[in-house]
Amino acid sequence: MTDRTARLALPLLHSSQAQKEMTHNEALTCIDLLLHGGIEGVGEDTPPATAQPGQCWIVGDAPVGAWAGSARHIAGMTAGGWRFVAPREGMALWWAGGETTVVFRGAQWRIGELHARRLMVEGTAVVGAQRPAIPGANGGNVRDVEARATLDTVLTALRDHGLIGR
């Protein structure tokens with residue numbers, strides 16, 4: 001039998017355990033740090049000097065001081081000091097300073113990446129999978145320089161945004 005939950009490694013109570021409130025309170029502290037989690041910074045290696053209970057950071061790759069040994073973990077300040085939670089695949093947190101989400105995928109934190117099959121606005125798909133490349137204007141009996149320049153600009157924008165292949 002394990003003494004931690006499978007996904008978030010939260011401490012479990014055991015029958016006949018003394019001081020069960022300590023284990024239970026530790027689990028609640030970790031849940032409080034992660035549920036609808038918001039972070040103050042990403043990739044920080046040095047703990048902030050003035051952290052307040054409830055504030056969290058994503059620890060960088062070379063942490064020092066109180067964060068040493070907790071690379072890429074979520075560090076949360078509590079009334080009892082720092083608590084660390086190991087990230088799990090798919091874990092997402094809100095980074096207010098960057099106004100974006102930070103997602104743990106492929107053993108690393110990814111800032112501001114959004115992965116989807118399509119983008120829907122009010123029930124209508126506005127962006128889907130990338131389409132094949134479209135060649136620029138070429139040939140024809142009548143040459144319209146302005147129209148070709150406009151088409152080239154549109155095609156360049158579509159390629160730059162990844163909507164069509166290059």
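Listed values, structure above:
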{"quantity": "Those residues of the range 131-166 which are assigned to a helix (DSSP H, G or I) and within 29 Å of R118 (Cβ to Cβ), in sequence order", "calculated": "T150, L151, D152, T153, V154, L155, T156, A157, L158, R159, D160"}
{"quantity": "Set A86, A96: member being in contact with a His (Cβ under 8 Å, 6 or more places away or on another chain) and surrounded by 10 or more Cβ atoms within 10 Å (Cβ to Cβ)", "calculated": "A86"}
{"quantity": "Residues of the range 69-79 that turn out to be loosely packed, with under 13 Cβ neighbours inside 10 Å and touching a residue at least 24 places away in the same chain (Cβ under 8 Å), as a count", "calculated": "1"}
{"quantity": "Conditions (1) farther than 26 Å from G162 by Cβ; (2) of a type outside the set (D, E, K, R); (3) modelled with pLDDT under 90: number failed by M120", "calculated": "(1)"}
{"quantity": "Residue match in the range 82-89 (condition: within 20 Å of the chain's Cα centre (by Cα), among the small types (G, A, S) and part of a loop (DSSP other than H, G, I, E, B))", "calculated": "yes"}
{"quantity": "Single residue of G98, G43, G80, G38 found to be among the small types (G, A, S), at pLDDT below 90 and within 27 Å of E113 (Cβ to Cβ)", "calculated": "G38"}
{"quantity": "Top-ranked residue in the range 4-23 [being farther than 30 Å from G97 by Cα and within 28 Å of the chain's Cα centre (by Cα); ranked as modelled with the lowest pLDDT]", "calculated": "A6"}
{"quantity": "Failed item, numbered, when V102 is tested on (1) free of Cβ contacts under 8 Å to residues at least 60 places away in the same chain; (2) assigned to a strand (DSSP E or B); (3) assigned by TED's automatic domain parsing to the domain that holds W57", "calculated": "(1)"}
{"quantity": "Any hit, the range 43-53, residues being of a type in the set (D, E) and touching a helix residue (DSSP H, G or I) at 6+ places or on another chain (Cβ under 9 Å)", "calculated": "yes"}
{"quantity": "Residue that is surrounded by the fewest Cβ atoms within 10 Å (Cβ to Cβ), among those in the range 29-68 that are touching an Asp or Glu at 6+ places or on another chain (Cβ under 9 Å) and of a type in the set (D, E)", "calculated": "D61"}
{"quantity": "Unique residue being touching a helix residue (DSSP H, G or I) at 6+ places or on another chain (Cβ under 6 Å) and not acidic (D, E) when the list is T124, T150, T78", "calculated": "T78"}
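The values are calculated or read from the model by the stated rules, or taken from the named source; none is laboratory data. Nothing here was measured: the structure is a model prediction, and the numbers come from that model. Cβ sites come from the backbone with ideal geometry, for glycine too, and all protein chains shown count toward neighbours.
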